[in-house]
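The values are calculated or read from the model by the stated rules, or taken from the named source; none is laboratory data. On a predicted model such as this, the values are computed, not experimentally measured, just so you know. With ideal geometry, Cβ positions are generated from the backbone for all residues, glycine too; neighbour counts draw on all protein chains shown. Each accessible area value is taken on the protein alone, full model and side chains, heavy atoms only, with ligands, DNA and RNA left out. Shrake-Rupley method; radii C 1.70, N 1.55, O 1.52, S 1.80 Å.
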Amino acid sequence: MMLVEKFRRQGYPASFIPVLGFVGLALLATGILLIPLLLTMQMELDLPWYPSGLLRNLVTGIHVLSGFVLVFLLGAVTIVHIRAGWLRGEKRVSGAFATSLIALLAVTAILLLYSPLEAVAHQAAIVHTLLGIALPLVIGMHARTRIRVRARRFRPD
């Protein structure tokens, strides 16, 4: 079944998946553009190029804004999609793994932005980048997998 159709049957508007995809791609693209900055500033590698000046501020701003928007969109996904899948017993492992990665990305983003300790911010930046690289792979696996884990039917009392 097409992903858009599945979300549509769950009550999401037709534009929800394209918007979610666009925001996710903006987040991924800007995150990839920030990797040379991480390697230069945090890992002290000498790279021929990294975003600096206005470009660095623009890419970082789009990345942070996309992250905030994605958190709001994922709130909508949690209310219906995750709850329904969990109650049906569908894709629990990959869904829980994806949800955990997203939560860890949020925590490391907060540490990266607000930690007063340089060592904590440094480690948070590395972990955040690794989680950000892993997340699209996990989401792709979750979207494509057809495995159904022990279905439990929801029976209200």
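Residues in the range 39-66 that are closer than 21 Å to residue 110 by Cβ and assigned to a helix (DSSP H, G or I): 41, 56, 57, 59, 60, 61, 62, 63, 64, 65, 66.
Looking for something polar (S, T, N, Q), assigned to a helix (DSSP H, G or I) and more than 21 Å from residue 136 (Cβ to Cβ) - is there at least one such residue anywhere in the range 84-102? No, the range 84-102 contains no residue that is polar (S, T, N, Q), assigned to a helix (DSSP H, G or I) and more than 21 Å from residue 136 (Cβ to Cβ). The numbered conditions (1) at pLDDT 95 or above; (2) more than 24 Å from residue 143 (Cβ to Cβ) are all true for residue 113 except (1).
Restricting attention to the range 86-110, the residues being within 16 Å of residue 10 (Cα to Cα) and either of a type in the set (Val, Ile, Thr) or at pLDDT 95 or above (or both) number 0.
Pairs are defined by a Cβ separation below 7 Å, a sequence spacing of at least 6 or placement on different chains, a first member in the range 1-25 that is at positive phi, and a second member that is not in a loop (DSSP other than H, G, I, E, B); the pairs so defined are 11/80.
Checking each residue in the range 42-63 for being more than 14 Å from residue 22 (Cα to Cα) and surrounded by 14 or more Cβ atoms within 10 Å (Cβ to Cβ) picks out 42, 50, 51, 56, 59, 60.
When you look at residue 93, is it out of contact with any Lys or Arg (no Cβ under 8 Å at 6 or more places or on another chain), among the aliphatic types (A, V, I, L, M) and farther than 23 Å from residue 145 by Cα, yes or no? Answer is no for this residue.
Evaluated against (1) open to solvent by less than 70 Å² (accessible area, probe 1.4 Å); (2) under 30 Å from residue 119 (Cα atoms); (3) part of a loop (DSSP other than H, G, I, E, B), residue 36 falls short on exactly one condition, (3).
Residue pairs whose Cβ atoms lie under 6 Å apart, separated by 6 or more positions or on different chains, with the first residue in the range 73-85 and at negative phi and modelled with pLDDT of 85 or more and the second open to solvent by 30 Å² or more (accessible area, probe 1.4 Å) and assigned to a helix (DSSP H, G or I), are 73/20. Against the criterion of being assigned to a helix (DSSP H, G or I) and open to solvent by less than 80 Å² (accessible area, probe 1.4 Å), residue 31 qualifies. Assessment of the range 78-91 against the conditions (within 22 Å of residue 114 (Cβ to Cβ) and loosely packed, with under 13 Cβ neighbours inside 10 Å) yields no matching residue. Close contacts from the range 56-71, counting a first residue that is among the aliphatic types (A, V, I, L, M) and a second that is not in a helix (DSSP H, G or I), with Cβ to Cβ under 6 Å and a gap of 6+ residues or different chains, come to 59/51.
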